[in-house]
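The values are calculated or read from the model by the stated rules, or taken from the named source; none is laboratory data. No experiment lies behind these values; they were computed from the predicted model shown. Counting neighbours? That spans all protein chains shown, and the Cβs are built from the backbone with ideal geometry, glycine included. Accessible surface areas use protein heavy atoms only, side chains included; no ligands, DNA or RNA. Shrake-Rupley method; radii C 1.70, N 1.55, O 1.52, S 1.80 Å.
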Amino acid sequence: MRRIRNLMKTPEGMAGFGILATLILVALFAPVLSPGDPLRIAGDPLLAPFVDPAFPLGTDRLGRDVLAGIIHGTRTSLAVGIAAAIAAIAIGLCVGLAAGFAGGLVEEALMRVIDAFQIVPSFLLALAFVSVIGASVPVVVLAIALGAWADPARLTRAQVLSIRERDYVAAARVIGMHPVEIAWKEILPNALPPVLALSAIIVAAAILTEAALSFLGLGDPNIVTWGSMIAEGRNVLRSSPSLSIFPGIALVVTVIGVYLLSEGFGKTLAGSEA
Amino acid sequence: MLLIVILLTFLLLESASGDAVDAYLLSIGGGDATVAQSLRQAYGLDQSVFARLWLYVSSLARFDLGWSVAFDRPVLDLIFERLPNTLLLMGSATALSFGLGSALGIVAGARPESAGDRVLSTVSLILYAIPSFWLGLVLSIVFAVQLRWLPTSGIETIASGKTGLTRAADIASHLVLPVGALALIYTALFLRVMRAGMADVWALDFVLFARSKGLSRSRIVLRHVARNALLPLVTMLGLQSAAMLGGSVVIESIFAVPGFGRLAQEAVSGRDAPLLMGIILVSAVLVICINLVIDLLYAALDPRVGASEPAA
Amino acid sequence: MSALCEIRELEVAYRGNSVPALTNIDLDIHAGERLAIIGESGSGKSTLARTIARLLPAGARVRGEMRWSLGQAPLPGRDMGFVFQDPAASLNPVLTVGEQVAEGARLHLGLTRRTAYERALDMLERVRIPDPAKVLKAFPHQLSGGQRQRVAIAAALAAGPGILIADEATSALDMIVQAEIVSLLDELVREAGMTLIFITHDIALASGFADRVAIFRDGGLVEAGPTGAILTSPKDVYTRALLASHRDLSTPPLISEAAS
Ligand SMILES: Nc1ncnc2c1ncn2[C@@H]1O[C@H](COP(=O)(O)OP(=O)(O)OP(=O)(O)O)[C@@H](O)[C@H]1O
Ligand SMILES: [Mg+2]
């Protein structure tokens, strides 16, 4: 709680928190704000924005409400972004802990795996994974996590290596604590904060990757996403560019919110150290 | 390292190869069991997993990346045909973003917390949040559709018969938008890294020592602070090369640049798993090569790297 | 001796600190003297040095007067050299030793690149670095701590300043090297007739070669005067306590051993 109050003291933190809180509320109350299926045909096709009060942002080629799409797209973006980041950090923590703790050959092997995942462009990997397995929300989440876990894994291992040498861990070892117990009780809580500090960047990257995937037509076809809306608008880019521009703005605002929040966190952390 | 990537692509290929046969059969309008059987044999699907892995690795060792189902051509040929365009795109985007980003980073980092620094930091944060594919669309709306200054797609005017310098100029004009779209986000990133690096260096003792020598501010900023802050930037360049390669997939598909990334997208839509895996493998090799070059560059910039005997 | 600089009612506070790091300082610096500034950690020694050299961080508040006999304050680098405590940190790791020694001379003496490097070579010889031609092209990490501090001294003196401030210039070095550096400073200052402001927390070290000492405590000047007078008849209780903690002052200080 104190962290959050400190966070609100920095202008970046406050702005980021405000943006994300609003987006989360929009995502939670999407069915209330815009009832009905956002993919249904609601009116005449290609209505211009800011003309018809019933469709403030206009309609697309099929007559679907752009505003409704953006509101419901918030859900997908945030859900996929956050879920993928959680999955990536969970995998990264496990691998990093295992590597840092096991040492020896196991560590060597795990580090090579981490290396391998860092030299493969994560977007290409996600692309291949989704295209091979088929597009659905869980697959997209997994595909994004697959390309994002290596950084937290590396960081976790570095943390473990530095913490492992500290006195309290040595003390725990002397009193005969089981290694797994030491890892869980003594090391994980201390290794976690810097890894979590990375999480905002991972969330932002995940949101962007999800959008890029669905832009290329590799999103779940049954739900509305900002990326697919941008792709859909691209077909009529010359006549109605607004169809691509609005969901893009939503995307940019979301990512800016995440970055601001992480800047704010960075400042409060730096402040508490000084 | 590369072996693990190979294993990874093999596993993905494994889970896909069944589909490829089915997709192929579907595309030729269905086929009888014997055709399917012979196809499976051709892919080695009737053998054990390990035998297939061995087959895969040994053919890779002979630089045989397999046969593209969608193009009906060897994967490696296709990749080598497309690679130069991507390298051109990535190279230009890297040069542009590195040059511009570090220059602006020096401007911002020269006086931390000044008004100029604040403005540049805020702008770079916003730019960093813009997905390159969307930026690409917006740029093409503005410059190609509305203003009609630049071509929207392709790498050069088809069958224009241009040669020499005019051809180079033609290619350059085609590259402006995709390079711009790809470079902007990295410009913002490099700016931020450079600025943060300079802020760290300012706090070090040797900067105070340089000030005590009465050196001019520009010499301190450029020769002492920026010179040191360049090192983390070069590291970042290596780390980002994989991401940049991934980013070029979307950019190439927007601007119809016949490159490596667009090939990946075509592989996806053609359900061409061997081609896709070949692309992943080659890009991993490419990233390794880029990082080797970066390591050399780093060693050239940082005298502390590498074994060196104490003088005297 | 004439006063080179008269410091009156000096008060210095860093940004964000309501408590000043230095208060009410009255001190004269004489031309050509070796003045030792002595005090324990946090007493404000470095703050005084940085105030004199105008190297305080942005936002620091300075009140009071500093009157220089020349009429204008000495220019850092040209009129005043500065040597810091940690030789490992005070040299830029990615520039050659030669460049770092030459850059001050090049700017202040208006030398060309070549002559500035010749001057740097000359300076390295003067600080008695073995194989100076090789060190000129070396990077700081290739040198030992003592050699680095010699390089730093060479760089500080490259433009031939009349004042040298050494802020704990020997504290980070081991005993033997420390004595060597002190005797080097002693010799260089004597040769050139420079004013030396030598900052240390080691009263024994200072007493060996300073003309005058100034004792600092908690941001204030306790007392100042000729070395002999302060050592034999300290007026302040704090000085007495400080001296009591160094019982062996009567024994010949390290410096004379190393210099001999
Ligand atoms: N850059 C700074 N910002 C804020 N406060 C500072 C700064 N530098 C020093 N101080 C404070 O000013 C006071 C005097 O510090 P100073 O460095 O002058 O002491 P010192 O006598 O040189 O100590 P030491 O022997 O440890 O070097 C200390 O309380 C210190 O905390
Ligand atoms: Mg000090």
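Relative contact order for segment A:28-273: what is it in percent, counting Cα pairs under 8 Å that are at least 6 residues apart? That works out to 21 percent.
Given R₀ = 41 Å, what would the calculated FRET efficiency be for C:L75 paired with B:A199, taking r from the Cβ atoms and rounding to 0.05? The value I calculate is 0.90.
Label sites at A:D44 and C:N24, each approximated as a point 7 angstrom past Cα along Cα to Cβ, lie 8.6 nm apart. Applying the Karplus relation 6.51 cos²θ - 1.76 cosθ + 1.60 with θ = phi - 60° to segment A:174-188 yields 3J(HN,Hα) values of 5, 6, x, 5, 5, x, 5, 5, 4, 4, 6, 8, 9, 8, 3 Hz, where x marks Gly and Pro. Between B:R217 and B:A51, the FRET efficiency estimated from the beta carbon spacing at R0 = 56 angstrom works out to 0.25.
Per-residue mean of other chain beta-carbon atoms within 10 angstrom of the beta-carbon, peptide C:92-99?
5
The label-point distance for B:V305 and B:C289, in a model that sets each label 7 Å from Cα toward Cβ, rounds to 1.9 nm. For the protein assembly as shown, the antiparallel share of DSSP beta bridges with both residues in that region comes to about 50%. Each helix, a run of at least 4 DSSP H residues, gives -39500 (n - 2.57); summed and divided by the residues of the protein assembly as shown, these come to -20000 deg cm²/dmol at 222 nm. Working ranking of peptides A:46-53, C:212-219 by packing, defined as the average number of other Cβ atoms within 10 Å per residue, highest first, is C:212-219, A:46-53. In order along segment A:251-259, phi translates into HN-Hα couplings of 4, 4, 4, 4, 5, 4, x, 5, 4 Hz, rounded to whole numbers, per the Karplus curve 6.51 cos²θ - 1.76 cosθ + 1.60 with θ = phi - 60° and x for Gly and Pro. Backbone amide hydrogens, once placed in the peptide plane, bring C:G44 within less than 5 Å of C:G219, excluding anything fewer than 5 places away on its chain.
Please compute the average number of Cβ atoms from other chains found within 10 Å of each residue's Cβ in peptide A:206-218. Before the final figure, lay out each step's value.
Numbers: counts 0, 2, 8, 2, 0, 4, 9, 1, 0, 7, 9, 4, 3.
Rounded to a whole number, the mean comes out at 4.
Summarising the label geometry, the points placed 7 Å from Cα in the beta-carbon direction at B:S58 and C:Y238 lie 8.5 nm from one another. Computed over the Cα atoms of chain A, pair by distinct pair, the Kirkwood hydrodynamic radius stands at 20.6 angstrom.
Sorting B:178-189, C:117-128 by average packing, meaning the other beta carbons within 10 Å per residue, from highest down gives B:178-189, C:117-128.
Roughly to the nearest percent, how much of the accessible area of segment A:28-273 is carbon and sulfur, given a 1.4 Å probe?
Here carbon and sulfur together make up 67 percent of the probe-accessible area.
Taking 21 Å as the straight-line reach from the Cα of B:K213, the lysines in range (excluding those fewer than 8 positions away in the same chain) are C:K45, C:K137.
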